[in-house]
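Novice: Structure in structure tokens, see below.
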């Protein structure tokens, strides 16, 4: 009698877990074909995650394939037709990035251009960035900084073969750049003469 009472909960547990896995199995979304992964880590430890491995998988499974990275599902696209469909035709669907708790916290609930959902706010941020941050006028305003970096690289190249204190050179470059930004003047005469005596 005790064995019957003991076996009833075990049979109930086994049947409930089987029913649960069957419901999960039949309710899952259809995924593209792909290699079977390990139970918990999926396909993360396979040698197929290099570009050559992905090319071999694309030959075997087709232009779109499914990989499991831990508990998340990843879709790899390798055919030009599928890539055009995803990147041009259906780009508004695939434009959003997944947000973790850390990203949501660090970007104040995704209020930046990198992690914001595609919509009016993202379009406004992109417009401001193109017009103000990445404009030609803004890029030309950094010409003097690029010239300073070029002069530092050239002074290092001239003294090739001899030891160079790179820390002092980078410190001098940073000093000159910050002086330009803070005071709109260049304090390079002293630094260039000092760096030439240090290198020479």
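Novice: Have a look at 40, 75, 103 and point out the one that is touching a residue at least 40 places away in the same chain (Cβ under 8 Å) and either over 23 Å from residue 122 (Cβ atoms) or not in a loop (DSSP other than H, G, I, E, B) (or both). Lay out the reasoning, then the answer.
Specialist: Details: 40 fails: touching a residue at least 40 places away in the same chain (Cβ under 8 Å); 103 fails: touching a residue at least 40 places away in the same chain (Cβ under 8 Å).
Step by step, each of 40, 75, 103 is checked, and only 75 is touching a residue at least 40 places away in the same chain (Cβ under 8 Å) and either over 23 Å from residue 122 (Cβ atoms) or not in a loop (DSSP other than H, G, I, E, B) (or both).
Novice: Can you work out which of the residues in region 171-181 that are without any contact (Cβ under 8 Å) to a residue 24 or more places away in the chain and touching a helix residue (DSSP H, G or I) at 6+ places or on another chain (Cβ under 8 Å) is farthest from residue 142 (Cα to Cα)? Step through it out loud before you land on a result.
Specialist: Residues of region 171-181 without any contact (Cβ under 8 Å) to a residue 24 or more places away in the chain: 171-172, 174-175, 178-179, 181.
Now narrow it down to the ones that are touching a helix residue (DSSP H, G or I) at 6+ places or on another chain (Cβ under 8 Å): 172, 175.
Numbers: 172: 17, 175: 15 Å.
Per the stated criteria, the residue is 172.
Novice: Quick one: count up the residues across region 152-174 that are in a helix (DSSP H, G or I) and surrounded by 14 or more Cβ atoms within 10 Å (Cβ to Cβ).
Specialist: Qualifying residue count, region 152-174: 7.
Novice: Given (1) modelled with pLDDT of 85 or more; (2) closer than 21 Å to residue 98 by Cβ; (3) assigned to a loop (DSSP other than H, G, I, E, B), where does residue 35 come up short, assuming only one miss?
Specialist: (2)
Novice: Conditions first: (1) at pLDDT 85 or above; (2) surrounded by 14 or more Cβ atoms within 10 Å (Cβ to Cβ); (3) in a loop (DSSP other than H, G, I, E, B). Residue 186 passes all but one, so which condition is the exception?
Specialist: Residue 186 satisfies every listed condition except (1).
Novice: Same structure, new question: Would you mind stating whether residue 132 is at pLDDT 90 or above and either surrounded by 10 or more Cβ atoms within 10 Å (Cβ to Cβ) or not assigned by TED's automatic domain parsing to the domain that holds residue 180 (or both)?
Specialist: Here the answer is no, as residue 132 does not meet what is asked.
Yes/no matrix, rows are residues, columns are (1) surrounded by 11 or more Cβ atoms within 10 Å (Cβ to Cβ); (2) out of contact with any strand residue (DSSP E or B) (no Cβ under 9 Å at 6 or more places or on another chain); (3) at pLDDT below 85; (4) under 20 Å from residue 36 (Cβ atoms):
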site	(1), (2), (3), (4)
50	no, yes, yes, yes
58	yes, no, no, yes
62	yes, yes, no, yes
68	yes, no, no, yes
72	no, no, yes, yes
81	no, yes, no, no
90	yes, yes, no, no
98	no, no, yes, no
107	yes, yes, no, no
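Novice: Checking the structure you have, find out if any residue of region 7-22 is loosely packed, with under 11 Cβ neighbours inside 10 Å, at pLDDT 75 or above, assigned to a helix (DSSP H, G or I) and within 24 Å of the chain's Cα centre (by Cα).
Specialist: No, the conditions are met nowhere in region 7-22.
Novice: Residue under question is residue 149, and the condition is that it be farther than 28 Å from residue 50 by Cβ, in a helix (DSSP H, G or I) and without any contact (Cβ under 8 Å) to a residue 60 or more places away in the chain; does it hold? Break it down stepwise before answering.
Specialist: Details: farther than 28 Å from residue 50 by Cβ: yes; in a helix (DSSP H, G or I): yes; without any contact (Cβ under 8 Å) to a residue 60 or more places away in the chain: yes.
So residue 149 passes the test.
The values are calculated or read from the model by the stated rules, or taken from the named source; none is laboratory data. This structure is a prediction, so every number in the text was calculated from the model and none was measured. Virtual Cβ from ideal backbone geometry, glycine too; neighbours counted across all protein chains shown.
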